[in-house]
Amino acid sequence: MCRRLPKRLVCWTSGAGAECEPSEYVASILVVDDASSARTTIAFLLRHRGHSVREADGVAGAARELRSDAFDVVVTDLRMPDGVGLEVLHAAKTHCPDADVILLTVYPAWESA
């Protein structure tokens, strides 16, 4: 079952001290990429924004994660050594139809991807 995690406060420090503001919700996000630097950078940035993030290094890893947990958002590379991001899209929609899926690619055109 898909879920939206509860609202939370996002806090940061500034010259005036600590400031907080309410945020809509904490998203549960799966980041899938065989390139560890891309995957860890995206995951780091999302965690920094307060989201709950899990990582997978390919299609098989993503399938395992999707079978074991529900995600609000899946961010996946399009081309990976063990398959394509469209397989991740299909698995995500099978296990959590309401999940948003973002496909990324370094290729300049859809045809070359």
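Some values worked out for this structure:
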quantity: Counted residues, the range 62-84 - those being surrounded by fewer than 19 Cβ atoms within 10 Å (Cβ to Cβ), over 13 Å from the mean Cα position of the chain (by Cα) and either under 19 Å from LEU104 (Cα atoms) or not charged (D, E, K, R) (or both); calculated: 7
quantity: Number of the exception - THR40 against (1) of a type outside the set (A, V, I, L, M, F, W, C); (2) at pLDDT 95 or above; (3) touching a Leu at 6+ places or on another chain (Cβ under 9 Å); calculated: (3)
quantity: Single residue of the range 53-91 satisfying the filter (in contact (Cβ under 8 Å) with a residue 40 or more places away in the chain and assigned to a helix (DSSP H, G or I)) that is nearest to ALA35 (Cα to Cα); calculated: GLY85
quantity: Test: ARG49 is out of contact with any Leu (no Cβ under 9 Å at 6 or more places or on another chain) and surrounded by fewer than 19 Cβ atoms within 10 Å (Cβ to Cβ); calculated: yes
quantity: Within the range 17-37, tally of residues that are in a helix (DSSP H, G or I) and at pLDDT below 95; calculated: 0
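The values are calculated or read from the model by the stated rules, or taken from the named source; none is laboratory data. Quick caveat, the model's predicted, so the values are computed rather than measured. Every residue, glycine as well, gets a Cβ built from its backbone with ideal geometry; the counts of neighbours run over all protein chains shown.
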